[in-house]
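Structure first, then comments.
The values are calculated or read from the model by the stated rules, or taken from the named source; none is laboratory data. Remember, it's a predicted structure, so these values are computed and weren't measured experimentally. Note that each Cβ is placed from the backbone with ideal geometry, even for glycine, and that neighbours are counted across all protein chains shown. Accessible surface areas use protein heavy atoms only, side chains included; no ligands, DNA or RNA. Shrake-Rupley method; radii C 1.70, N 1.55, O 1.52, S 1.80 Å.
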Amino acid sequence: MDKKTENEKKKEYLKSYRDAVVAETQIKEEIDQLRLDKMFPSLVQDGMPHGSGSSDLSAYAAKLDELLSELEEQMNERIQLRREIVRKIECMESETEKAVLRYRYIHMLKWEEIAVKMHYGYRNILKVHGRALEHFEQ
């Protein structure tokens with residue numbers, strides 16, 4: 001595999017941190033809504049008639065519990081991915097390269113913002129990023 005292709009794969013892997021953060025936010029919102037639905041099942045406004053029997057509610061609660069478990073498992077997978085990425089960045093030797101990768105992929109800053117924070121020129125940040133990708137072990 002050539003260097004450019006390898007670096008692109010590394011960038012995609014590092015960008016998956018951001019994707020995991022977005023997914024976690026969406027999952028948290030869904031979990032919160034499900035917990036509300038579970039606490040107040042009579043308030044579910046889906047336009048469908050709902051029975052008032054306890055068996056209906058217990059089946060409903062069981063399905064909600066199952067869905068909550070699935071969502072929590074998905075959340076844990078995202079958290080593990082984020083931890084893995086941070087751990088791999090922290091294993092690098094150069095503090096400067098680590099900082100660029102953290103700012104870019106963990107803090108999601110733009111190149112200009114990174115340059116200002118690190119007191120480097122824009123082009124220098126891009127060079128450091130290129131070296132960091134070479135040294136990053138996926």
Neighbours by Cβ (under 8 Å, 6+ apart or cross-chain): first from segment 111-128, within 18 Å of Lys11 (Cβ to Cβ); second among the acidic types (Asp, Glu) and open to solvent by less than 70 Å² (accessible area, probe 1.4 Å)
Val128/Glu97
So Glu77 clears everything in (1) under 24 Å from the mean Cα position of the chain (by Cα); (2) open to solvent by 40 Å² or more (accessible area, probe 1.4 Å); (3) under 30 Å from Lys3 (Cβ atoms) except one condition, right? Which one?
(3)
Is there any pair with a first residue in segment 62-89 that is of a type outside the set (S, T, N, Q) and a second that is outside any helix (DSSP H, G or I) and at pLDDT below 95 whose Cβ atoms are under 7 Å apart and which are 6 or more apart or on different chains, and what are they?
Lys88/Glu137
Return the residues of segment 92-102 that are open to solvent by 60 Å² or more (accessible area, probe 1.4 Å) and assigned to a helix (DSSP H, G or I); say none if nothing qualifies.
Glu95, Arg102
